[in-house]
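Here is the structure we will look at, set down as structure tokens.
Derivation of every value follows stated rules applied to the coordinates shown; laboratory data play no part. The structure presented is a predicted model; accordingly, all values stated were derived computationally and were not measured. All Cβ positions, even for glycine, are placed from backbone atoms using ideal geometry, and neighbour counts span all protein chains on display.
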Amino acid sequence: TLPKDCPPDVEQLGRSSWTLLHSIAATYPPQPTPAEQADVARFMGLFARLYPCWVCAEDFQRYLERQPVRTGGRDELGTWLCEAHNEVNRKLNKPVFDCSRWQERWRTGWKDGSCD
Ligand code: FAD
């Protein structure tokens, strides 16, 4: 028999969502237009309201109020997102990620060639 797909739990939803969010940062332009900056700011605001884990969404909305999304360029956006993800990591007692390496994880691949 074929394996059955099940509705995602909070962990699965989280992994897929972080993959999408960090990938958006990885493909965000280094020098975005005002329209691109407005789009990503609106996206994060709406994402934080629609995220289908309500405790997670509430905390993320509060984080956005304290630390407004930084839309000035790819590295700025990716670093902001990395810090947002680290805030959740701390809450869940997961290891904190070194944000100077976010592009290796999500855009270029690790410098040791382990993604080649
Ligand atoms: P994940 O945290 O999903 O990370 C996936 C991969 O991202 C890691 O393997 C690592 O390679 C990389 N990574 C890790 N940290 C960073 C970073 N700082 N920057 C860049 N890359 C990184 N779960 C809850 O139980 N309670 C919550 O309140 C909660 N809030 C959430 C809020 C949001 C906005 C999102 C998207 C998810 C939330 N989650 C929450 C889910 C939680 O963050 C994890 O996704 C889930 O627990 C699965 O964790 P994981 O160990 O597989 O790795």
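Working from the pairwise distances between different alpha carbons, so that the mean of 1/r is found and then inverted, what is the chain's Kirkwood radius in Å? Numbers along the way, then the final one.
Values: mean 1/r = 0.0652 Å⁻¹.
Mean inverse Cα-Cα distance, inverted, gives 15.3 Å.
Determine the calculated [θ] at 222 nm for the chain from helices alone, applying -39500 (n - 2.57) to every DSSP H run no shorter than 4 residues and normalising by the residue count; nearest 500 deg cm²/dmol. Present the calculation step by step, with values, prior to reporting the outcome.
Details: 4 runs with 66 residues, N = 116.
Helices in the chain give a 222 nm mean residue ellipticity of -19000 deg cm²/dmol.
For residue 54 paired with residue 89, estimate the spin-label separation in nm (one decimal), with each label point 7 Å from Cα along the Cα-to-Cβ line.
In this crude spin-label approximation the distance works out to 3.0 nm.
Considering the chain, which cysteines have no disulfide-compatible partner, defined as another cysteine with its Cβ under 4.7 Å away?
When partners are defined as cysteine Cβ atoms under 4.7 Å apart, the chain leaves 6, 115 without one.
Arranged from highest to lowest average of other beta-carbon atoms within 10 Å per residue, in what order do the peptides 89-97, 75-83, 23-31 appear? Before the final figure, lay out the partial values.
Values: 89-97: 10.6, 75-83: 20.0, 23-31: 13.9.
In decreasing order of mean packing, 89-97, 75-83, 23-31 become 75-83, 23-31, 89-97.
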